[in-house]
């Protein structure tokens, strides 16, 4: 067991190293100088002369160590990452990238947690029912169409929901974290309700956009499991349909799905990020969106690296939880 | 002796893209308490279909088209879906073919015995149920500690015995064992067969043993039924079947068994089993039969009783009768 | 002794076409998916032939017009005819999908083959890289790549390339697993024993048997490519001048289209994408059922 933990931790470190290296080298391959780009835009709008520009760029290059040889930059970069130092924002200097992320993180975590749990539970239940030949016909006809949602990614779902529910029916706000003009006050129930109210559409978009994937994969899993000998034998034992469904079929089919949850995490996080920028929610997504729009490169790299590390860590953690669910692995 | 099991004109068809396949084509069978019947035949002859039909567990695209399965005076085919659930395991039990994989891998063996009892009588106390489970485990030579174990902790033979223990939990009148030893090694096969034999005697149930292994079967059953294309061609006592088979197909089948006298000679049956989608008319065996006659090609032979309690479906004998 | 007839009674097999038709009737997903895709292709080809494609670009028509007879899907803030923009956008989406999908599948097939067939340290390296890259969310890395490119340089082709860079691991692992099982099958051993060379075995024995998996992988990759390019575009990382469907939605959101009552602007491209992705998903599911009979429906 200890050997396994060490192996997985080494794997995690390798993944983080690989991700950091990709994030470090890709921008440098593309010969685009983020500092120059940034100040060039400022120069156009702010009206300072090209000569000033060169001076400013040179001072920034020294400050951020961009004038050192590439390899030294790389080692500096790796050591700063190991200290959780993701640099500072050009745009919101002197705020650090980590600060920006930490400010917005709670919003993203709540949104992700609620929608992922709901979508996992609902999607797997629907998929299990869709594949279960003894489920009542009406229930199966109800469950099966959810598979089609798999073709509609959350962001598209967002556009459709915005149109039908937000725009046509006016049942939900079109965006923002809370109503305009409201002063944030977390002790007031009206304010909290207002926030929840604004989360419903993006949450629904994420939920509906990801539930189909679970339905589909669970249906496939269910079709395999229902052909297993133990499900058959359970029926030979004269067990009722509900017991077989719950104890023999669902339990076994859910195990591989739990691994799937780890793998799906990356996609869900990215969807949440795009959804946040789409709905103007103050999560990591908006930090990234703002950074992309204003060429704030260290923030882009920092957010990507942070999310990557978080996802990879969660995946490895889930691998430790998995044996607790499956007695066959637990004993090894 | 009153029969505990009577099967009358049982018919099952499978509906496929290419048409309707008659998997069971009018089967009749009678067993008394404690009697052991071996069911043999080539793959696809309808043995497993018969087992599933008796449990009323034929799944679409298959369908039970007609007939009766009377266990202990009740015709299972007339029961409601709910009563049929109760009849499984308590009247008629099934020992599965793939014992390696027949136990739920994620719950304890005990839980899989308890849920079986609970599904049939809700009144018993938990302590009573546990006691019955452990007794059943002991009667198949498993220690009662197996109750708390998982399937992957048991060997192949132990898993199969656990399945037997489950199937006798409610002392059924009829036990169907569908190739119960197919995945086991020779020594374990013998132990499992002895276990079935012993528990069957304890509870006095009739047993239908389905299998390919005629040698193993000869040692355990009283009667043998030979199936071909969903029909029982010959039903005789073990001794009669092995020393003096009457039906040409049964003769060919027995002749194809290896024995010590003519070592190295392998007598196969010429031709191939016909596709069920389009059976030859008359007697389904006639294209391969060495004693084929004109009326074999057009008329299906009736089921005929001959001396020694033997039943045959062959024109050779129906004419003499 | 009478002669034993060995003749099998003839089984009347329904014609191939009838069987395909019957299969399609059961595998409704595949049929519906192919049908929708066909309609989209017809729409795009017809539009390319009849419409003035210049109107897909800014300041060519009157701006902010709701759907009408003149502009069936309306026009946007920048003066683009959204009907023409959709035609061009669908064409470009198809281009990215086929290009990235094809490339990704090709890389996957080659690497999967090499990895599984030759084994050893090559296999270790390829498998290792796949495993390390799998936990890294590809879309995030693509954001970095796309964001590092000069916005003026981003074209449909760079877009396809960006998508492919991190999308070959899936097909590689699938093909690798299939080749591994196939290597153990008897027909391959027989070919080896009869002195056939590695290339001969790969092309005449293994590849034909892999075709269903390669086809399924390809459809999957096309779906993924369309999906990924849409996400990049909707974040404003696409080729900004092109009327790619995702770009149109990004532009509409940038101008707060719903707040301003220009609902048609983001809605129609979104619906078109739903049809594209939906049909691909249906075909994908249908192919899965074909390539993997275990999930075939029993009814």
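Laboratory data are not the source of any read-out in this text; all were calculated from the coordinates shown. As the structure is a prediction and not an experimental result, all values here were calculated from the model. No Cβ is skipped: glycine too gets one built from the backbone with ideal geometry, and neighbour counts run over all protein chains shown.
If you sort the three axes of the alpha carbon gyration tensor as a ≥ b ≥ c, you get a/c of 1.5 or more for the protein assembly as shown and a/b above b/c, which makes it prolate. Contact order, relative form, for chain B: 20 percent (alpha carbon pairs under 8 Å, 6 or more residues apart, mean separation divided by residue count). Which distance in Å, rounded to a whole number, links the C-alpha centroids of the stretch A:140-164 and the stretch B:267-318? So the separation of the two Cα centres works out to 59 Å.
Under a 10 Å cutoff between Cα atoms, tell me which one of A:113, A:250, A:156 has the largest fluctuation in the Gaussian network model of chain A. Maximum fluctuation in the GNM of chain A, among the listed residues, is at A:113.
Between residue C:207 and residue C:22, the distance separating the two model label sites (each 7 Å from Cα on the Cα→Cβ line) works out to 3.4 nm.
Kindly state, to the nearest 0.05, the FRET efficiency for residue B:126 paired with residue A:319, given R0 = 51 Å and r defined as their beta-carbon distance. The formula returns an efficiency of 0.90 here. Label separation (residue A:134 vs residue C:153): 6.2 nm, computed from points 7 Å beyond Cα along the C-beta direction.
How big is the gap, in Å, between the Cα center of the stretch B:63-137 and the Cα center of the stretch C:132-209? Using only Cα atoms, the two centres lie 49 Å from each other.
Protection proxy ranking of A:182-195, C:53-66, B:242-255, by the mean of other Cβ atoms within 10 Å over each peptide's residues and highest first, is B:242-255, C:53-66, A:182-195. In percent, rounded to a whole number, the relative contact order of chain A is 25, using alpha-carbon pairs under 8 Å and six or more apart.
Per-residue mean of foreign Cβ neighbours for A:9-15 is 2 (Cβ atoms of other chains, 10 Å radius). How far, in degrees from 0 to 90, does helix B:109-120 lean away from the longest principal axis of the Cα atoms of chain B, to the nearest 10? The answer is roughly 80 degrees.
How tilted is helix A:251-279 with respect to the longest principal axis of chain A? Cα atoms for both, answer in degrees (0 to 90, nearest 10). With rounding to tens, the tilt is 40 degrees. Per-residue shielding of A:302-311, expressed as the average number of other chain Cβ atoms within 10 Å of the residue Cβ, stands at 3. Among A:140, A:251, A:293, the residue with the largest mean-square fluctuation in a Gaussian network model of chain A, with springs joining Cα atoms closer than 10 Å, is A:293.
Across chain C, the mean sequence separation of Cα contacts (distance under 8 Å, 6 or more residues apart), normalised by length, yields a relative contact order of 25 percent. Largest GNM mean-square fluctuation across C:40, C:19, C:211, computed for chain C with C-alpha springs under 10 Å, falls on C:19. Taking a ≥ b ≥ c as the square roots of the eigenvalues of the Cα gyration tensor of the stretch B:245-316, is the shape rounded (a/c under 1.5), prolate (a/b larger than b/c) or oblate? Oblate. Relative to the longest principal Cα axis of chain B, at what angle does helix B:156-167 sit, 0 to 90 degrees, rounded to 10? Value to nearest ten degrees: 90. Considering only DSSP beta bridges with both partners in the protein assembly as shown, what is the antiparallel share in %, to the nearest 5? Taking every DSSP beta bridge within the protein assembly as shown, about 65 percent pair in antiparallel fashion. Averaging Cα coordinates gives a centre for the stretch B:168-236 and one for the stretch C:73-89; these two points are 75 Å apart. The mean count of C-beta atoms from other chains within 10 Å of the C-beta of residues in C:277-285, rounded to a whole number, is 4. Cα gyration tensor of chain A, axes a ≥ b ≥ c as square roots of the eigenvalues: rounded (a/c below 1.5), prolate (a/b > b/c) or oblate? Cα axes put chain A in the oblate bin.
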